[in-house]
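So the structure is just underneath, and the comments pick up after that.
Here, each number is a calculation from the coordinates, and none is a lab measurement. The shown structure was predicted, so the numbers you read here are calculated from the model rather than taken from an experiment. Here Cβ is always computed from backbone atoms with ideal geometry, including for glycine, and neighbour counts include all displayed protein chains.
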């Protein structure tokens, strides 16, 4: 059960009535769109347009327009794919793991985290799709009876597992997110004065009334989806890591990869959640719901995960020396810690393993702009991590004659910037048109704000949700 | 045909629960309860059961059997491939796809089941008894024909437990 005296109040400010909670969370939907929103949206759409142009070039000229060569056959696209998928891990991790751990503070954050997940996974999915070279034939990866034999897909290939895992992850996180919003859409339908909003949100609220029969089945559904999504959170990024780990490339062929990837994904996802909630807190005055204690809790999680990341980096280096494999040794000691890619390695190590240690200080955890900047830097660090993994291993492997360098072309940069624009635009739409915080869930935990008293029957219950 | 209902409106969760439990004790038949968030005492007291978790289990079981037999068919019967003397049925490595695709199947079928059973689907027109139930009010709905106890008695009971309003409503059959 949530102990008020351990973590402090869940909702700041004067005690709010239930209708006040609805009104304050829905305020951005009813208010006029602020000017900064249009400006940011304009920039995001420009970035997106550059992405579209890059995709057009890729489709018409083929992936020869990218900087890959036969040695470094994976470049920015795989880096960005893994990066986005990693960011996309926070939504479900937040919802499920914090649900299992009965952390009631998640209620203020889970909606934003899940929204971000859906957009990030969509961004991620574009990269392998385009990397296929002939994306219009992508459906060949479905195992269906076909006229080519029938030739089946390779059920033992991690690339196929990846395809199944990501489709499942996208569908589950999107439906988990959407069904969580249905009661909130009904709240908008029933409180708005605008006829257009009533019609639109009414359509999306699926006829929700809040009857006991609906809530009963709703909880059953949340239980089922939550339970199986917990398995998925761990399996998706484990599978992504096997894309690397089942090969024989030095630096990839390691049993550390699955846990290392899963933890790294949750790390970058939580950092992105932190970026978003600090923005929500400041730009939309959600300070009563996203309190400094919420930010504090996420920062503490990040310190912990950062230590695991640092341990993983050092373990890799240690094993490269201890295993006695000269190829492993070369990759880590001559091509990562020192050598052509030393900058990327040390950027990764500093931003992921050292910088988050600043969060040990309460002063830093409470300073919202420092937290915001560190959360962005962690995401940059996680990008460098994927660069390290993908490029350094491939560029100099067993045969010196085939060593090569890799530089991204402007098409690749444009493609990546395009997905950044797509993500920003998606998040802005979320801020504007969807309740940023799960209203019904906040109402449910609002009673824990008061001192627990024995007459409050429902206060004794912790087997909620 | 229109039906006559008695509607009790409460301002907070615990007045609702107290009134609800007292009413059940007196043998009142409650038609439905509308709340802004799930309340376990109510879900328990309404004695509805959901079997959606059992359904999900059997969807999963079916999916596992179908997926494993499908892969066995593809890899052993329909198109066996030689990979350096490995067996055609590479069962342990089929597990990964089985787990993930099972999760996918469970999700889709459970969502569909939920939509059908709870009658929640896009564009459905909500049958609203009291529009405040999704915001800040807790509503008990009684069917005047089947509620089992007299109207004045129930009204008094609700008011003594802190109902802010008790009113009658005539509407088509709902819920």
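Anyone know which of B:113, B:90, B:105 comes out most mobile in the 10 Å Cα GNM of chain B?
Evaluated over chain B, the most mobile residue of the options is B:90.
Based only on other Cβ atoms within 10 Å, what is the fewest-to-most ordering of A:407, B:14? Before the final figure, lay out each step's value.
Numbers: A:407 10, B:14 20.
By the 10 Å Cβ count, ascending, the order reads A:407, B:14.
Debye calculation, C-alpha points only, no solvent: report log10 I(q)/I(0) for chain B at q = 0.09, 0.18 Å⁻¹, in the same order as the q values.
The Cα Debye sum returns log10 ratios of -0.51, -1.12.
Going highest first, how would you order A:86-97, A:113-124, B:73-84, A:170-181 by mean Cβ packing within 10 Å?
Values: A:86-97: 27.3, A:113-124: 24.0, B:73-84: 12.1, A:170-181: 20.7.
Packing order, densest peptide first, comes out as A:86-97, A:113-124, A:170-181, B:73-84.
Want the number for residue A:46 to residue A:405: 0.36 nm per residue separation, take away the alpha-carbon distance, what's left?
Numbers: separation 359, 0.36 × 359 = 129.24 nm, distance 3.08 nm.
Net length gain for the segment: 126.2 nm.
What is the calculated FRET efficiency for residue A:198 to residue B:116, with r their C-beta to C-beta distance and R₀ = 30 Å, to the nearest 0.05? Walk me through the numbers before you get to the answer.
Working: r = 26 Å, r/R0 = 0.87.
That gives a FRET efficiency of 0.70.
How would you classify the range A:278-425 from its alpha-carbon gyration tensor, with a ≥ b ≥ c the square roots of the eigenvalues: rounded for a/c under 1.5, else prolate if a/b is greater than b/c, otherwise oblate?
Oblate.
Give me a single rounded figure for A:198-209: the average over its residues of other chain Cβ atoms within 10 Å of their Cβ.
On the way: counts 0, 0, 0, 0, 4, 4, 2, 6, 9, 11, 6, 15.
What the average comes to for A:198-209 is 5.
Explain nothing, just the number: relative contact order of the range B:52-117, from Cα pairs under 8 Å at least 6 residues apart, as a whole percent.
On the way: 38 pairs, mean separation 34.5, N = 66.
Averaging sequence separation for qualifying contacts and normalising by length gives 52 percent for the range B:52-117.
Can you give me the Cα centroid spacing of the range A:148-183 and the range B:82-103 in angstrom?
Computed from Cα coordinates, the inter-centre distance equals 17 Å.
Relative to the longest principal axis of chain A, what angle (0 to 90°, nearest 10) does the C-alpha long axis of helix A:292-322 take?
Orientation of helix A:292-322: about 20 degrees from the principal axis.
Just to confirm the number: angle between the C-alpha axis of helix B:151-160 and the first principal axis of chain B, 0 to 90 degrees, nearest 10?
Approximately 80 degrees, to the nearest ten.
Relative to the longest principal Cα axis of chain A, at what angle does helix A:110-131 sit, 0 to 90 degrees, rounded to 10?
For A:110-131 against chain A, the angle is about 30 degrees.
If a/c stays under 1.5 just call it rounded; otherwise compare a/b with b/c (prolate if a/b is bigger, oblate if not). Do that for the range B:52-117, with a ≥ b ≥ c from the square roots of the Cα gyration tensor eigenvalues. Working shown, then result.
Values: a/c = 3.84, a/b = 3.17, b/c = 1.21.
In terms of gyration-tensor shape, prolate.
Ranked highest first by the average count of other Cβ atoms within 10 Å around their residues, in what order do B:38-44, A:387-393 fall?
Numbers: B:38-44: 19.1, A:387-393: 23.9.
Ranked by mean Cβ neighbours within 10 Å, highest first: A:387-393, B:38-44.
If you take each beta carbon of peptide B:52-65 and count the beta carbons of other chains within 10 angstrom, what is the mean?
Details: counts 8, 5, 1, 2, 7, 1, 0, 1, 2, 0, 0, 0, 0, 0.
That works out to 2 on average.
Take every Cα pair under 8 Å in chain A that's 6+ residues apart, average their separations, divide by the length, and report that relative contact order as a whole percent.
Relative contact order comes out at 32 percent.
How well do other chains shield peptide B:90-103, expressed as the mean number of their Cβ atoms within 10 Å of each residue Cβ? List each step's numbers first, then the result.
On the way: counts 2, 0, 1, 6, 2, 0, 12, 11, 2, 9, 14, 6, 3, 13.
Average per residue, whole number: 6.
What whole-number distance in Å separates the alpha-carbon centres of the range A:363-386 and the range A:232-311?
The two parts, judged by their Cα centres, are 12 Å apart.
Specify the residue with the greatest mean-square fluctuation among B:46, B:147, B:71, computed from a Gaussian network of chain B linking alpha-carbon atoms under 10 Å apart.
B:71
By the gyration tensor of its Cα atoms, with a ≥ b ≥ c the square roots of the eigenvalues, what is the shape of chain A: rounded for a/c under 1.5, prolate for a/b over b/c, or oblate?
Numbers: a/c = 1.86, a/b = 1.54, b/c = 1.21.
It comes out prolate by the Cα gyration axes.
Treat the count of other C-beta atoms within 10 Å as a stand-in for reagent exposure and order A:228, A:337, B:95, A:290 from fewest to most. Working shown, then result.
Working: A:228 21, A:337 15, B:95 12, A:290 26.
With the fewest neighbours first, A:228, A:337, B:95, A:290 line up as B:95, A:337, A:228, A:290.
Suppose each label sits 7 Å from its Cα in the direction of the beta carbon; what would the residue B:148-residue A:325 distance come out to in nanometres?
7.1 nm
Given Cα pairs under 8 Å that are at least 6 residues apart, what percent is the relative contact order of the range A:67-156? Present the calculation step by step, with values, prior to reporting the outcome.
Details: 67 pairs, mean separation 26.4, N = 90.
Once normalised by length, the contact order is 29 percent.
Could you list B:117, A:35 in order of exposure, starting from the residue whose Cβ has the fewest other Cβ atoms within 10 Å?
Details: B:117 16, A:35 8.
Fewest-to-most Cβ neighbours within 10 Å comes out as A:35, B:117.
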